[in-house]
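The values are calculated or read from the model by the stated rules, or taken from the named source; none is laboratory data. The structure displayed is predicted, hence computed values, not measured ones. Glycine gets a Cβ as well: all are built from the backbone with ideal geometry, and neighbour counts include every protein chain shown.
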Amino acid sequence: MSAYDLVFFDCDSTLSSIEGIDELATRAGVDVRALTNAAMDGRLPMEDVYRKRLEMIKPSPADFHWLGDLYISTAIADAKEVITKLSACKVAVHIVSGGLLPGILPFAAHLGIAPERVHAVPYNCDNPEPAFAHPLASNGGKPWVVERVAAALNVPRERRLLIGDGVSDLEASAVVGQFVGFGGVVEREAVKSAATQYIAGKLLEPLLNIVLE
Ligand SMILES: [Mg+2]
């Protein structure tokens, strides 16, 4: 028996040890840290920062191919094993991420997660404009997506769980039965103190005890 039917994983710094957009910026030779910090401090709205960073980076299809490989090579050591076990117990595993879909899809395939279960920001290199208007590119995007996906699957709030490292993940606690903070890559005090369950180690395996009872 499982305590939850639907598990949402954040991607960056939860399933993999990297932050995809930061890696694309480094590869492009641009420094977006000031913008990222401005968003984290609340000095700039997330959607403005999202646009500004990508306008500086201008990622190409080749960059996304490279990023997909990087996500795979920097996966949390037991991510694939934990997802396989959850799926074997009939738990539906989804990814909900503010990262870029073309980079995350190959990683999801590697983890055994079908494309329709991956919720991230689509990005068309020839027409990036719609990406900047996507809900997951703004504050409050994760709870909106989680609620929408879970309602479509008829999974009540108490049967949903979300695991992530960031404040945008914590925002979704109101629409899930359990929020699990993951500190295996980055430990954030705001998340650690607010989470009712917190994984401080480097592996995702403790999640199995929470989900599968
Ligand atoms: Mg994250």
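Miscellaneous remarks
- Helices (runs of 4 or more DSSP H) within the stretch 1-81 that include 1 or more residues at pLDDT 95 or above: 20-28, 46-57, 61-73
- Test for Tyr4: is it more than 16 Å from the ligand (Cβ to nearest atom), surrounded by 17 or more Cβ atoms within 10 Å (Cβ to Cβ), closer than 20 Å to Ala172 by Cβ and among the aromatic types (Phe, Trp, Tyr): yes
- Residue check for Pro206: surrounded by 15 or more Cβ atoms within 10 Å (Cβ to Cβ) and not hydrophobic (A, V, I, L, M, F, W, C): yes
- Residues being closer than 22 Å to Phe64 by Cα and away from the ligand (no atom under 16 Å from the Cβ) - total across the stretch 114-156: 18
- The sole residue among Ser16, Ser60, Ser73 that is more than 16 Å from the ligand (Cβ to nearest atom), under 19 Å from Val185 (Cα atoms) and of a type in the set (Ser, Thr, Tyr) is Ser73.
- Once the stretch 157-175 is narrowed to residues that are in contact (Cβ under 8 Å) with a residue 40 or more places away in the chain, within 22 Å of Asp12 (Cβ to Cβ) and of a type in the set (D, E, K, R), the residue that is nearest to the ligand (Cβ to nearest atom) is Asp165.
- Against the test of being free of Cβ contacts under 8 Å to residues at least 12 places away in the same chain, farther than 18 Å from Asn139 by Cα and away from the ligand (no atom under 16 Å from the Cβ), the options Gly68, Gly29 yield a single qualifying residue, Gly29.
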